[in-house]
Amino acid sequence: MEFIDQKNQHIKLRYCGPNEEPTGDHVLGLTQYRNKLLFTKHRKRGIEFPGGKCEKGETSIEALSREIYEETGGHLEVAYYIAQYTVTNAQRVFTKDVFVCVVSALESKQDYLETEGPICFSTIDNIPPQNKSFLLDDPAILKCVERMMMLGFYST
């Protein structure tokens, strides 16, 4: 499916199956911990799912595990590849692999880099609007959350 997001960027989203190989240069983890959704609080944007760029030579799963740990202190137990979307704007094109993730433990850290660490909610709707990142209103991310629920990975 294709659409224009709130930043006027062209988005092309496709759902993926378990046998497909992730090929993106960014990752996003729809992360769960103890039957709640696990988010991170970005210092500028607010509360959002963990994710980021793949570093040189890093697979999507390696990047996902690293980003979840850096941003939440979470230890990735399992990840299911469910979608990929490409963002095109005037400056660049990037592709994001989206995973449903289960975190086995949260480790308290001194530094969560660009975030303030982990925060859990039962649903996105429970996040106070003034604390919510614009990314949680992004149509591609919301479609991926719908997909996660449709596949039975999470229910409210």
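Can you spot a residue in the range 63-75 that is in contact with a Leu (Cβ under 8 Å, 6 or more places away or on another chain), acidic (Asp, Glu) and surrounded by 13 or more Cβ atoms within 10 Å (Cβ to Cβ)?
Scanning the range 63-75 turns up at least one residue that is in contact with a Leu (Cβ under 8 Å, 6 or more places away or on another chain), acidic (Asp, Glu) and surrounded by 13 or more Cβ atoms within 10 Å (Cβ to Cβ).
Quickly run through the range 4-52 and pick out the residues that are exposed (fewer than 13 other Cβ atoms within 10 Å of the Cβ) and either in a strand (DSSP E or B) or not basic (Lys, Arg) (or both).
Correct list: Ile4, Gln6, Asn8, Arg14, Gly17, Pro18, Asn19, Glu21, Thr23, Asn35.
Given the conditions (1) loosely packed, with under 13 Cβ neighbours inside 10 Å; (2) in a loop (DSSP other than H, G, I, E, B); (3) out of contact with any strand residue (DSSP E or B) (no Cβ under 9 Å at 6 or more places or on another chain), report the number of the one that Glu58 does not fulfil.
Of everything listed in (1) loosely packed, with under 13 Cβ neighbours inside 10 Å; (2) in a loop (DSSP other than H, G, I, E, B); (3) out of contact with any strand residue (DSSP E or B) (no Cβ under 9 Å at 6 or more places or on another chain), Glu58 misses just condition (1).
Looking at the range 128-142, can you tell me whether even one residue there is among the basic types (Lys, Arg) and either under 24 Å from Asp25 (Cβ atoms) or assigned to a loop (DSSP other than H, G, I, E, B) (or both)?
no
If you check Tyr81, Tyr69, which single one turns out to be part of a strand (DSSP E or B) and either touching a His at 6+ places or on another chain (Cβ under 6 Å) or of a type outside the set (A, V, I, L, M, F, W, C) (or both)?
Tyr81
Evaluate the range 127-150: report whether one residue or more is among the β-branched types (Val, Ile, Thr), surrounded by 13 or more Cβ atoms within 10 Å (Cβ to Cβ) and under 19 Å from Arg66 (Cβ atoms).
No - not one qualifying residue is present in the range 127-150.
Values quoted throughout were computed directly from the atomic coordinates according to the rules given, and no laboratory measurement underlies them. These figures come from a predicted structure and were not determined experimentally. With ideal geometry, Cβ positions are generated from the backbone for all residues, glycine too; neighbour counts draw on all protein chains shown.
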